[in-house]
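Since the structure comes first, as structure tokens, the remarks are kept for the end.
The values are calculated or read from the model by the stated rules, or taken from the named source; none is laboratory data. Predicted, not measured: the structure shown is a model, and the values here were computed from it. Using ideal geometry, Cβ is built from the backbone for each residue, glycine included, and neighbour counts are taken over all protein chains shown. Only protein heavy atoms, including side chains, enter the accessible area calculation; ligands, DNA and RNA are left aside. Shrake-Rupley method; radii C 1.70, N 1.55, O 1.52, S 1.80 Å.
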Amino acid sequence: MNQISRCIMTVILLMCILSGCGSEIFKSGTETEKILKTQTEEIKDHYSYKMKEVWCTNGNKRIYGVLYLPERKGRVPLLIYSHGLSDTHAKGELYATSLAARGIAVYCFDFCGGSDESKSNGKVIDMSVMTEVSDLEAVLNSARKWNAIDKNKIVLAGFSQGGIVTAITAARCEENVAGIIFVEVR
């Protein structure tokens, strides 16, 4: 398994573990648990990381987000987390801290008008799936220019409505997206 595949597999496994998805499957002593334990044991490096506010723009709107950036040499893979309806960037914090400690940068942001608590511009009444697609495309275009990010290793992840936005954006920008993850919490 090459390094990109291992990175993407690690992201998927961690997202599944952290979201609790498939928790019935991970019972003690199962073959899946043994494979999962082996995968996580392969993650030997744990990194310090910095959190910093990063603003992006989409036309005349400002998009607020927090970048969780591992302190490691070279450019790092990035996961862009899209929250669900009426949520904010804070919904992705658990994923972000766990992945950043494993060397993967994460950017969690507020869709414009995505919630009453959003720090981004915009009103909830003006928000739609397609305005959120536009926001995610703007974030993706900005992230590809960030010095610390490997622009060939950007994965989009979405929760609930953010998953729909992720799917549409990935289809429209497939040449700039290394993979997608749909997060479901039961």
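Descriptive notes on the structure:
- Residue within the stretch 125-143 that is more than 20 Å from LEU78 (Cβ to Cβ), over 17 Å from the mean Cα position of the chain (by Cα), in a loop (DSSP other than H, G, I, E, B) and not hydrophobic (A, V, I, L, M, F, W, C) present: yes
- Verdict on GLY162 being in a helix (DSSP H, G or I) and open to solvent by less than 10 Å² (accessible area, probe 1.4 Å): yes
- Among the residues of the stretch 97-114, those identified as in contact with a helix residue (DSSP H, G or I) (Cβ under 9 Å, 6 or more places away or on another chain) and either aliphatic (A, V, I, L, M) or over 14 Å from ASP135 (Cα atoms) (or both) are SER98, LEU99, ARG102, GLY103, ILE104, ALA105, VAL106.
- Count of residues meeting criterion [out of contact with any Leu (no Cβ under 6 Å at 6 or more places or on another chain) and more than 16 Å from ASP87 (Cβ to Cβ)] in the stretch 157-172: 4
- Among the numbered conditions (1) among the polar types (S, T, N, Q); (2) closer than 23 Å to GLU184 by Cα; (3) touching a Lys or Arg at 6+ places or on another chain (Cβ under 8 Å), the only one that SER120 does not meet is (2).
- Residues of the stretch 123-133 that are surrounded by fewer than 20 Cβ atoms within 10 Å (Cβ to Cβ) and either among the β-branched types (Val, Ile, Thr) or in contact (Cβ under 8 Å) with a residue 40 or more places away in the chain (or both): VAL124, ILE125, VAL129, THR131.
- For LYS119, the requirement of being basic (Lys, Arg), closer than 15 Å to VAL183 by Cα and open to solvent by 30 Å² or more (accessible area, probe 1.4 Å) is not met.
- You will find that of ALA170, ALA138, ALA90, the residue that is more than 20 Å from TYR64 (Cβ to Cβ) and open to solvent by 10 Å² or more (accessible area, probe 1.4 Å) is ALA170 and no other.
- When residues in the stretch 56-66 are screened for being in contact with a helix residue (DSSP H, G or I) (Cβ under 9 Å, 6 or more places away or on another chain) and open to solvent by 80 Å² or more (accessible area, probe 1.4 Å), 1 of them pass.
- Residue within the stretch 67-77 that is touching a helix residue (DSSP H, G or I) at 6+ places or on another chain (Cβ under 6 Å), more than 18 Å from ILE181 (Cβ to Cβ) and surrounded by 15 or more Cβ atoms within 10 Å (Cβ to Cβ) present: yes
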